[in-house]
1. If I ask for residues that are assigned to a loop (DSSP other than H, G, I, E, B) and at positive phi, which ones from the range 81-105 would you list?
2. With the checklist (1) loosely packed, with under 13 Cβ neighbours inside 10 Å; (2) among the charged types (D, E, K, R); (3) more than 14 Å from the chain's Cα centre (by Cα) in hand, flag the one item Lys21 doesn't pass.
3. Out of the residues in the range 55-106 that are among the acidic types (Asp, Glu) and in contact with a Gly (Cβ under 9 Å, 6 or more places away or on another chain), state the one that is modelled with the highest pLDDT.
4. For a quick check of your reading of the model, give me the residue pairs whose first member lies in the range 27-47 and is touching a residue at least 40 places away in the same chain (Cβ under 8 Å) and farther than 14 Å from Gly87 by Cα, whose second is outside any helix (DSSP H, G or I) and of a type outside the set (Lys, Arg), with beta-carbon atoms closer than 9 Å and at least 6 apart or on different chains.
5. Tell me, please, whether a residue that is over 13 Å from Gln99 (Cβ atoms) and loosely packed, with under 10 Cβ neighbours inside 10 Å can be found in the range 30-42.
6. Can you name the residue in the range 49-85 that is of a type in the set (D, E, K, R) and out of contact with any helix residue (DSSP H, G or I) (no Cβ under 7 Å at 6 or more places or on another chain) and is also surrounded by the most Cβ atoms within 10 Å (Cβ to Cβ) among such residues?
Amino acid sequence: MRNSEFLREAGRLKVSRVGMKAVSRVGAFIKPTTRFAQAFGHAASRAKVTVDRVTLARLIEGRTVPLDLDLEPGYVILALPGDCVLGMGLYLNGTLRSQLPRKELHAAMFSRAPDEIIHA
């Protein structure tokens, strides 16, 4: 690979930014990016909601899930049991809604064997 034509071409590119976008402002809230949550969400000590597969299936379908949580309104980290961080959700007025990217969800669901696909 050392003498690859692709490496010579890439060597001419100018780097304008390096790193990972961590957050963006969405209305009155600061929203961590999905990538940031997936990379560092395991270390979060607040605003983290562990969901079971039934709840996750409802969120993936675009439904809101009523939950009574001791959390301030805003963005929360969504995880499966075992600290498997999925991405972000939005908790407002006692309901949780998914902020997981649909494209990723679709790819993840169809890259698994049929018996591993999440069903409501």
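The values are calculated or read from the model by the stated rules, or taken from the named source; none is laboratory data. Here the structure is a predicted model, which is why all the values come from computation and not from measurement. Neighbour counts are summed over all protein chains in view; Cβ atoms, including those assigned to glycine, are modelled from backbone coordinates with ideal geometry.
1. Gly82, Asp83, Asn93, Gly94, listed by residue number.
2. With respect to (1) loosely packed, with under 13 Cβ neighbours inside 10 Å; (2) among the charged types (D, E, K, R); (3) more than 14 Å from the chain's Cα centre (by Cα), Lys21 is out only on (3).
3. In this case the residue turns out to be Asp68.
4. Pairs that qualify, where the first residue is touching a residue at least 40 places away in the same chain (Cβ under 8 Å) and farther than 14 Å from Gly87 by Cα and the partner is outside any helix (DSSP H, G or I) and of a type outside the set (Lys, Arg), are Phe29/Pro73; Phe29/Gly74; Phe29/Tyr75; Phe29/Leu90; Ile30/Val23; Ile30/Ser24; Ile30/Gly74; Ile30/Tyr75.
5. No, the range 30-42 contains no residue that is over 13 Å from Gln99 (Cβ atoms) and loosely packed, with under 10 Cβ neighbours inside 10 Å.
6. Arg58
Conditions (1) over 15 Å from the mean Cα position of the chain (by Cα); (2) outside any loop (DSSP other than H, G, I, E, B), marked per residue:
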{"position": "Gly41", "(1), (2)": "no, yes"}
{"position": "Val49", "(1), (2)": "no, yes"}
{"position": "Val54", "(1), (2)": "yes, yes"}
{"position": "Arg58", "(1), (2)": "yes, yes"}
{"position": "Gly62", "(1), (2)": "no, no"}
{"position": "Asp68", "(1), (2)": "yes, no"}
{"position": "Leu71", "(1), (2)": "yes, no"}
{"position": "Val76", "(1), (2)": "no, yes"}
{"position": "Ala79", "(1), (2)": "no, yes"}
